[in-house]
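Below is one structure, written out as structure tokens; comments come after it.
The values are calculated or read from the model by the stated rules, or taken from the named source; none is laboratory data. If you're wondering where the values come from, they're calculated on a predicted model, not measured in any experiment. Note that we place each Cβ from the backbone using ideal geometry, even for glycine, and neighbour counts take in every protein chain shown. Just so you know, the surface numbers come from the protein's heavy atoms only, side chains and all, with ligands and any DNA or RNA stripped out. Shrake-Rupley method; radii C 1.70, N 1.55, O 1.52, S 1.80 Å.
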Amino acid sequence: MDDDPPTQLIRLADDEGNSVTVDVLGLDPRWRAGLRAEIVVRTPFVSGRIGLALTVSRLTDWGDALDRLDAGTDVAWMEMERGPSLFVQLDGERGCPEAVVEDESGSMVTVRVPVVPPDDWIADHRRRLRRIVDHWVPRLED
């Protein structure tokens, strides 16, 4: 059994070198009801990262977003909250899925990353979410 804590909540990536990930860095030392995390964008053209806090409600919202994606609906995750937002568009501008990271409240930068995830990517993300919730949520304080 692997004792390493799960760290990757989201991994939208393709064979072209494009990826958007949400990585859990651990418990937030300043706020024990949340997790330190970051959105990381990597493409052959641009790359960057932005920090964010993950709460139980944000994790629940990601599970709801996965349900909507599975039903064929685009999603906005963390939209209109403090910090960055992540949008997943199933049929983006280039005829393939796109992950859009928007930091309207901070840098005012938006990055659109086309990705072609594997066929089972939603099921894979449900497993990722379950591992994160099972490991990290019991360690959070109310």
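In the set ASP142, ASP124, only one residue is surrounded by fewer than 12 Cβ atoms within 10 Å (Cβ to Cβ), over 20 Å from GLY83 (Cβ atoms) and out of contact with any Cys (no Cβ under 9 Å at 6 or more places or on another chain); that residue is ASP142.
The residues listed here are ALA65, ALA13, ALA76; of these, the one that is buried (at least 17 other Cβ atoms within 10 Å of the Cβ), within 19 Å of ARG128 (Cα to Cα) and out of contact with any Pro (no Cβ under 8 Å at 6 or more places or on another chain) is ALA65. Selection of region 106-115 for residues being surrounded by 13 or more Cβ atoms within 10 Å (Cβ to Cβ) and more than 16 Å from the chain's Cα centre (by Cα) yields only VAL109.
Residue by residue, here is whether (1) under 19 Å from ALA123 (Cβ atoms); (2) over 17 Å from the mean Cα position of the chain (by Cα); (3) free of Cβ contacts under 8 Å to residues at least 60 places away in the same chain holds:
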{"residue": "ILE39", "(1), (2), (3)": "no, no, no"}
{"residue": "SER47", "(1), (2), (3)": "no, no, yes"}
{"residue": "ARG68", "(1), (2), (3)": "yes, no, yes"}
{"residue": "GLY72", "(1), (2), (3)": "yes, yes, yes"}
{"residue": "GLU79", "(1), (2), (3)": "no, no, yes"}
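Here ARG94 qualifies as open to solvent by 80 Å² or more (accessible area, probe 1.4 Å), of a type outside the set (S, T, N, Q) and either part of a loop (DSSP other than H, G, I, E, B) or free of Cβ contacts under 8 Å to residues at least 40 places away in the same chain (or both).
Report yes if GLU141 is free of Cβ contacts under 8 Å to residues at least 60 places away in the same chain and not in a helix (DSSP H, G or I), otherwise no. Show your work before the answer.
Numbers: free of Cβ contacts under 8 Å to residues at least 60 places away in the same chain: no; not in a helix (DSSP H, G or I): yes.
Criteria not met by GLU141.
Taking region 125-142, which residues are of a type outside the set (Val, Ile, Thr), in contact with a strand residue (DSSP E or B) (Cβ under 8 Å, 6 or more places away or on another chain) and modelled with pLDDT of 95 or more? If the condition is that a residue be of a type outside the set (Val, Ile, Thr), in contact with a strand residue (DSSP E or B) (Cβ under 8 Å, 6 or more places away or on another chain) and modelled with pLDDT of 95 or more, then HIS125, ARG128, LEU129, TRP136 are the ones that fit.
Screening the candidates LEU12, LEU52, LEU25 for the property of being in a strand (DSSP E or B) and modelled with pLDDT under 95 yields one hit, LEU52.
Looking at ALA53, is it closer than 30 Å to PRO138 by Cβ, open to solvent by 20 Å² or more (accessible area, probe 1.4 Å) and touching a Lys or Arg at 6+ places or on another chain (Cβ under 8 Å)? Yes; evaluated as a whole, the condition is true for this residue. Take ASP103 and tell me if it is open to solvent by 10 Å² or more (accessible area, probe 1.4 Å) and modelled with pLDDT of 95 or more. Taking the combined requirement at face value, the residue does not satisfy it.
Among what's in region 34-49 and is among the small types (Gly, Ala, Ser) and open to solvent by less than 30 Å² (accessible area, probe 1.4 Å), pick the residue that is modelled with the lowest pLDDT. Taking the candidates together, the pick is GLY34.
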